[in-house]
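The values are calculated or read from the model by the stated rules, or taken from the named source; none is laboratory data. Source: prediction; values computed, not measured. Methodologically, a virtual Cβ is constructed for each residue, glycine included, from the backbone with ideal geometry; neighbour enumeration extends over all protein chains shown. Keep in mind that these areas ignore ligands, DNA and RNA; they rest on the heavy atoms of the full protein, side chains included. Shrake-Rupley method; radii C 1.70, N 1.55, O 1.52, S 1.80 Å.
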Protein chains: 2
Amino acid sequence: MPNSTERRLSRRRFVEGTMAAAGALAASAAMPEKRAAAAPAEKLKPGSVVLFQGDSITDAGRDRKNGQPNNWTALGRGYACLAAGGLLADHAEAQLKIYNRGVSGNKVPDLAGRWQEDALALEPDVLSILIGVNDIWHKLNGRYDGTVEDYQTGYRELLEKTLAALPGVRIIVCEPFVLRCGAVSDAWFPEFDQRRAAARKVADELSLTLVPLQTMFDEAVDAAPPDYWAADGVHPTLAGHALMAKTWRSVIGI
Amino acid sequence: MPNSTERRLSRRRFVEGTMAAAGALAASAAMPEKRAAAAPAEKLKPGSVVLFQGDSITDAGRDRKNGQPNNWTALGRGYACLAAGGLLADHAEAQLKIYNRGVSGNKVPDLAGRWQEDALALEPDVLSILIGVNDIWHKLNGRYDGTVEDYQTGYRELLEKTLAALPGVRIIVCEPFVLRCGAVSDAWFPEFDQRRAAARKVADELSLTLVPLQTMFDEAVDAAPPDYWAADGVHPTLAGHALMAKTWRSVIGI
């Protein structure tokens, strides 16, 4: 686990970066009495489509037979549903359409295989993606052989294809994260950090918004142990999902 | 439906009352660009137990075989789960235990019948109750004959019994509410308003915190139609539950 000095350095780099609002918010998870003002809310145009894409963390037990927007069972039991609820309550005039199309077990190539139907066809105005943990987990399990470079190249191709097909889309790259407990052993490192860096690099190169979820959880463990946030190290608890949803909204400003 | 003058009067009375923070928040649902500062967060003592009690709006499809605290399936798909998520994320150090024991179809006498096991035995520090819509709905359906006075008397007895058994408990009375759509016809009035007044009276007489949910929804319909918040007029959508959770937290200040 990172020691307190490493965490302080991590926090300093983070707050000095472009996402100070998110930093203040993540810090407020550890110190709820020091709440920071959220970023000013962005106006969403009427009828905007918001799409959450990813793996099991996004899927979160959603009813995949229910493709309707704004519906609790269709949105699952995770950050996507929690963020959607907040957006629907706070932007009621906008008559948003919010979808979840995360699928458990997915890696970048799985997203690519279903991208036309499950992403482009929905014509999202805001597209949030959280992908990467299975790309390493399935490799550690011997079920996949994709390298860090495969992840970075495949992810970048997917995003470039999306930007070409939907020129007005705002893409949100959610940083892959793990907590140091449960299924997450030392065998995950340093490769997991390399994959996180790859996701950040792709977001940076394409000028996309990054939601720094690993930084958020690295600071959250100052307030409660890792399994409070994700019992198996990978899939967040309600507490973890709620913190993700709050940070997601704060970073994006909607 | 209340006309705009009535709504303005309602809003004025509300904001002039003791819950100005909630009023500003409910108004912000209609006007998201005018966000108000939330009430300062109250410190929760370590290990505090929070219990949500009520009918189907609280139950919200929870897994009744799962009695665990802080668990998504045990907390259901409603405001209780959404409020719990926020509390768990923002008060991680407090190691809260948050339970939902709402049961669909319940009226005040049903709560009374299971109160020892489902409320007192859990020894809550914060006990939130939303009850009343079935007390009138089942009467309109011919399945119950309890009067407004029965509701008020029974509710007050239940609360007095609770305060006697748990002297340190903070009880939150959530105002019963309906939206003017779906199953909610003119036949519900004026009796529904009398029952709302009864809940407010009981809370006032016992100096309990009231969460003014009807006022909140009366203002929210300025931003989106009633069925956006509760398709059948009684059971909130995800948007409605999210607005309830936000108001609940703001009024209570945790």
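Within segment B:73-88, one or more residues are over 21 Å from A:Y228 (Cβ atoms) and surrounded by fewer than 24 Cβ atoms within 10 Å (Cβ to Cβ). Residue-level analysis places B:D118 outside the set of residues that are touching a Gly at 6+ places or on another chain (Cβ under 7 Å) and modelled with pLDDT of 95 or more. Within segment A:30-66, being at pLDDT below 95 and open to solvent by less than 70 Å² (accessible area, probe 1.4 Å) holds for A:A30, A:M31, A:P32, A:A36, A:A39, A:A41, A:L44. Scanning segment B:61-118 for residues that are in contact (Cβ under 8 Å) with a residue 40 or more places away in the chain, within 11 Å of chain A (Cβ to nearest Cβ) and β-branched (V, I, T) yields a total of 1.
If you go through segment A:122-136 and pick out every residue that is over 20 Å from A:L213 (Cβ atoms) and part of a helix (DSSP H, G or I), you end up with 1.
Here B:G240 meets the list (1) within 13 Å of chain A (Cβ to nearest Cβ); (2) more than 20 Å from B:V173 (Cα to Cα); (3) open to solvent by less than 10 Å² (accessible area, probe 1.4 Å); (4) not acidic (D, E) almost entirely, failing just condition (2).
The condition of being at pLDDT 95 or above, closer than 24 Å to B:Q68 by Cα, surrounded by 15 or more Cβ atoms within 10 Å (Cβ to Cβ) and hydrophobic (A, V, I, L, M, F, W, C) holds for only one of B:L158, B:L166, B:L179, that being B:L166. Do you know which of the residues in segment B:137-149 that are outside any loop (DSSP other than H, G, I, E, B) and over 11 Å from B:R196 (Cα atoms) is least open to solvent (accessible area, probe 1.4 Å)? Among those residues, the one meeting the criterion is B:H138. Screening B:R249 against (1) of a type in the set (D, E, K, R); (2) facing chain A (nearest Cβ under 10 Å); (3) under 15 Å from the mean Cα position of the chain (by Cα) leaves a single unmet condition, (2).
Among the residues of segment A:44-53, are any of a type outside the set (S, T, Y) and within 20 Å of A:L238 (Cα to Cα)? For segment A:44-53, residues of a type outside the set (S, T, Y) and within 20 Å of A:L238 (Cα to Cα): present.
Are any of the residues in segment B:196-218 surrounded by fewer than 24 Cβ atoms within 10 Å (Cβ to Cβ) and within 14 Å of chain A (Cβ to nearest Cβ)? Yes - at least one qualifying residue is present in segment B:196-218.
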